[in-house]
Structures are given as structure tokens and as C-alpha cells.
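Remarks on the structure that follows.
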Amino acid sequence: MHKYNNSSRGSAHYYIIGGIFMLIGKKIVPSSKENIMIMESVNKARKELDMAYKNFDNVSDTDLVDCYIYEVQSIQKKYEYLLKQAKKLNFI
């Protein structure tokens, strides 16, 4: 069994069981290439969002504040889209 974990902020963990099924939370779903790619994309977007929030929190230059506001909003939209895709596949 291989464990794939994303950030420590309570995001979903998923496991590949024998290469055939994935265990996501308490759901078992087929382990297809598409399913793995969606979960990895969700995990990556979550990490990007965490980093964008950290950058926003640590900046003082007004031009950079605007930059990070747009970055956070952009990544939030991507993250929301990926979560919708995961929901369509009954991951969430």
C-alpha cells in the first residue's frame, strides 16, 4: 500500500491499494490514471494555496500585496475547480 499525503491542514489523504483501488478517507475508488492525476492535482493546488497565503502574510510592499491577492484568488479558483472534478468522480 502506498500512501500519498498532501499538506498538514486536514486535506484528504489517499492510499493506493495493490495498484487497483484507492482509499480516500473512507471511500474505496478504482485506481485509474485519471483518478490519481486528479488527486495529485488537488494536493498540488492545496500546497500552492498554502504557499500563496504564507507569501501574502509575509509581504509589506503594497505592489507585492496586490500581486499576492491576485495569486491567492487565482489559485483558489483552480483549487475549487479541481475539487468539483473530484466530487464528480465521487472522491469527496
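ASN90 fulfils the conditions (1) at negative phi; (2) more than 15 Å from the chain's Cα centre (by Cα) except for a single criterion, (1). LEU82 meets each of the listed conditions (1) free of Cβ contacts under 8 Å to residues at least 12 places away in the same chain; (2) within 19 Å of ASN43 (Cβ to Cβ) apart from (1). LYS3 meets the conditions (1) of a type in the set (D, E, K, R); (2) in a strand (DSSP E or B); (3) at pLDDT 55 or above in every case but one. The failed one is (3).
The values are calculated or read from the model by the stated rules, or taken from the named source; none is laboratory data. The model shown is predicted, which means the values in this text are computed figures rather than measured ones. Cβ: placed from backbone, ideal geometry, glycine included. Neighbour counts: every protein chain shown.
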